[in-house]
1. Any of Lys341/Lys451; Lys162/Lys186; Lys25/Lys341 with alpha carbons more than 25 Å apart? Name them for me.
2. With N set to the residue count of segment 380-514, report its C-alpha Rg divided by 2.2 N^0.38 Å to two decimal places.
3. Calculate the dipole size of segment 253-342 relative to its Cα centre from +1 charges on Lys and Arg beta carbons and -1 charges on Asp and Glu beta carbons; express the result in debye to the nearest 20.
4. What FRET efficiency would be calculated for the residue pair Asn217, Thr312, taking the C-beta separation as r and a Förster radius of 51 Å, to the nearest 0.05?
5. Between segment 539-600 and segment 18-50, what's the alpha-carbon centroid distance in Å?
6. Tell me which residues come under 5 Å, amide H to amide H, from Ile757 once H is placed; ignore anything under 5 positions away on its chain.
7. If only Cα atoms are counted, what is the Rg of segment 317-362, and what is its Dmax, in Å?
8. With only Lys, Arg, Asp and Glu charged, each at its Cβ (+1 for the first two, -1 for the last two), find how big the charge dipole of segment 380-514 is about the Cα centre; round to the nearest 20 debye.
Amino acid sequence: MSTLTTYVYAFAEGGREMADLLGGKGAGLAEMTRLGLPVPPGFTVTTEACRIYLATGQEPLGLAAEEARALAVLEQAMSRTLGAPDDPLLVSVRSGARFSMPGMMETILDIGLNDRSVTGLAKASGQERFAWDSYRRLVQMFGRTVMGVDGDLFEQAIAARKAQRGTRDDHDLDAGELALLAEEFKAIIRRETGEDFPQDPAEQLRRAVRAVFDSWNGERARVYRRRERIPEDLGTAVNVQAMVFGNLGPDSGTGVAFTRDPATGARGVYGDYLPDAQGEDVVSGVRDAVPLDQLKVLDPRAYVELGDHLRTLECHYRDLCDVEFTIERGRLWILQTRVGKRTAEAAFRIAHDLRAEETITADEALARVDGTELARLMFPRFDTTPADMPLAHGVAASPGAAVGVAVFDSAEARRRAAEGQYTVLVRRETTPDDLPGMIAAQAVLTSRGGKTSHAAVVARGMGKVCVCGAESLTVDPVARRFTTDTGVVVREGDTVSVDGTAGTVHLGALPLTASDVGRALETGESTGPLTEAVLATLAHADSVRRLQVRANADTPEDAARARALGAQGIGLCRTEHMFLGERRKLVEAMILARDDTAREQSLAALLPLQRADFTGILEAMDGLPVTIRLIDPPLHEFLPDRTELAVRLASSAHPDVHDRELLAAVERLHEQNPMLGLRGVRLGLAVPGLMAMQVRAIAEAVAHRLDVGGRPHAEIMIPLVGTVEELRLARTEAERVLAEVTARTGRGLDLPIGTMIELPRAALTAGSIAEAADFFSFGTNDLTQTTWGLSRDDAEASFFPLYLEKGIFSVSPFETIDHEGVGRLVELAVEAGHAVKPSLQTGVCGEHGGDPESIHFFHRAGLDYVSCSPFRIPAARLEAGRAAV
Ligand code: PEP
Ligand code: MG
């Protein structure tokens with residue numbers, strides 16, 4: 001079958017709409033050519049050619065002929081021939097994927113030089129040194145990139161030559177020495193590969209194009225793609241372009257320019273210029289560039305012309321653009337343009353300014369920023385990129401930056417906090433027992449667990465910096481120290497810095513910068529151009545979003561903070577967090593109760609405490625919905641550790657009776673798989689009086705709030721339901737208590753009663769469950785755990801890195817909702833639930849509720865709200881708005 005596929009496009013034939021095929025760089029070059037900007041002519045080999053080559057190991061049929069034709073056109077445009085012995089045409093061969101992957105793939109310059117054309121270039125340019133320097137660069141680059149020679153061998157040869165000459169600067173080597181270097185390089189290639197550096201320009205070109213294709217699968221590129229979530233199968237385009245030279249003397253040079261400041265977003269052209277240099281000198285930073293302003297003095301004509309082109313580009317792309325340019329003997333050439341990368345701060349300011357200038361609409365401005373950037377701006381951060389190697393990498397579980405002394409248990413964190421010290425709580429993993437220490441500490445660091453481990457969820461809820469699953473650390477809480485894989489020992493009291501945004505831990509105190517944006521989001525007051533841009537963008541997101549945003553909060557303080565950050569209610573109030581600390585003794589007594597009377601007594605003691613909790617939360621969220629989930633975790637979590645208790649008993653001469661009873665209870669409640677055991681609704685049905693006590697506390701709190709003129713909107717939520725029968729029984733019990741409190745208080749307490757959907761069975765039978773539910777709230781942490789059969793506490797630390805490495809996961813399913821599996825269950829349940837009960841309210845309260853990408857999925861799935869930690873609320877509002885435009 002014959003094919004009409006085109007694999008090669010001249011710049012004049014392409015355009016920016018062809019970025020999939022031509023890559024970002026190729027599309028930009030084509031677009032600039034179309035706009036009439038001075039672009040050295042050239043052509044692009046498509047990503048499709050690359051994909052075929054990578055799949056089959058062979059260039060697609062017809063590619064060589066197309067390349068030859070495009071080259072002939074290029075030669076004609078330049079009135080020169082590739083590699084001709086006198087005045088040769090030289091070309092660059094550069095990678096250019098759909099998404100920018102700076103420095104990750106290969107570039108080969110000066111293709112076309114050989115033993116003969118180098119003298120032609122010397123003559124034509126009048127610069128012998130320049131010609132030989134270009135040649136030795138080509139041999140070096142080609143040898144390393146195309147022929148696979150170790151780059152250090154060339155560097156060593158250069159160093160030896162410089163040492164012989166008594167200099168450290170490449171510029172001191174003269175034409176003769178550079179010619180000798182080129183010879184040495186060729187000898188290295190012959191020695192290392194058994195092959196000669198190819199003298200035929202056409203062969204150079206063909207092999208260079210292939211090497212760029214191959215570099216798509218280089219180690220660097222693969223790691224980068226995984227981190228940036230760029231699909232593996234896109235392939236790269238290859239741009240072949242006539243060389244222009246910035247290193248031909250003082251009237252030449254090269255630089256980069258931005259249409260606005262990419263660091264701050266401030267208006268005004270910005271960039272660097274390096275006189276008498278090649279582009280790679282700017283990138284490698286071997287010589288110091290001067291601010292672009294100085295070009296005004298050095299070459300006023302080129303400066304004005306560059307300014308005009310930058311304006312044209314920004315107007316055309318309607319966004320910040322950056323360009324690479326070269327001035328060859330006073331003539332300006334634009335070598336590349338793209339919509340420029342920018343910091344989070346610049347992203348908000350530029351989007352806001354472009355909207356104010358009426359270049360883009362408010363919806364477009366919203367689409368130009370994202371929740372991850374907003375989160376980055378909300379927290380304190382280290383104000384330098386730490387140059388030192390981190391002690392360890394872990395999961396970036398809760399963003400921000402914190403400095404403190406390492407402590408190894410909760411008590412020490414509290415003791416030092418009471419003395420005014422900043423601490424970092426270091427544990428293998430945390431349990432509810434560590435909560436006081438987590439509250440007292442500035443940051444939490446664990447060696448085990450992933451994004452939905454206890455440490456991560458709780459720290460995120462508190463807005464506390466957290467790095468978890470730093471597996472290379474060996475934490476020894478008894479010796480009160482941790483050891484890194486390189487043998488560094490950090491003892492209690494040593495200062496460490498934790499970067500929860502990057503997921504790293506550093507020795508010593510790195511300098512911190514506070515966040516104006518965080519403050520502005522809580523107060524609603526702008527203090528400068530950045531906070532103004534953030535508040536205005538968020539206001540627009542609020543005006544367009546369909547999804548409501550609620551908070552996961554279980555204290556009045558968190559509720560108030562969440563409200564200040566824009567929460568429209570509470571989507572998950574975890575009541576078990578109210579059973580810790582002093583109250584634990586009461587829970588313990590309830591578990592150990594020998595008879596109904598004893599159990600009722602301990603429940604009666606818990607009742608007023610729970611009521612007070614709920615009253616406070618309902619007050620903080622007055623007028624807004626508050627979804628209160630009945631107790632969920634297995635009871636043994638409220639009892640001491642089995643091993644510790646057994647050791648204590650065994651080593652005591654007079655074992656405590658209470659301890660004995662405790663151990664018996666711990667053993668009775670012990671389960672091999674507690675996450676799949678007696679928890680959630682099962683617990684409510686199995687422990688007499690527990691559910692009734694909680695519902696009574698809620699009902700009485702609501703009645704009290706009504707008495708004092710409040711507008712409470714409590715909703716009762718039953719966790720871990722697998723079948724409608726469980727929900728029916730729980731509902732009957734809850735309604736009985738509500739009726740009883742209604743009768744006693746005279747207040748109408750017709751509270752909505754709903755369920756969490758956390759088990760595949762619940763999702764698959766959502767139609768019948770909906771008959772007994774007023775709302776569904778998707779507990780996607782457990783739903784992910786049970787759908788995949790992956791422990792949310794262990795899996796991320798153990799084989800996740802391997803799975804990410806092998807591309808089985810592109811991201812943890814505990815972080816971003818798995819659309820096809822868990823997400824499909826959500827869609828099915830929403831559909832089935834609405835079919836039975838159109839008024840059924842649906843939301844999500846798992847950690848995915850605060851994840852930008854997942855929020856877009858929930859918008860499409862038709863949920864009513866997402867619920868997330870208070871500190872993720874602004875980002876969730878923003879993303880819910882972005883999902884709607
Ligand atoms: C969930 O499972 O998604 C959920 C919100 O409940 P928890 O994290 O408390 O198990
Ligand atoms: Mg759950």
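1. Lys341/Lys451
2. 0.90
3. Here the size comes out at about 320 debye.
4. Calculated transfer efficiency: 0.85.
5. When both Cα centres are located, 55 Å separates them.
6. Amide H neighbours of Ile757: Ser777, Phe778, Gly779.
7. Considering segment 317-362 through its Cα atoms, Rg and Dmax are 14.0, 44 Å.
8. Dipole magnitude for segment 380-514 comes out near 240 debye.
Laboratory data are not the source of any read-out in this text; all were calculated from the coordinates shown. Note that this is a predicted model, so its numbers are computed, not measured. Every residue, glycine as well, gets a Cβ built from its backbone with ideal geometry; the counts of neighbours run over all protein chains shown.
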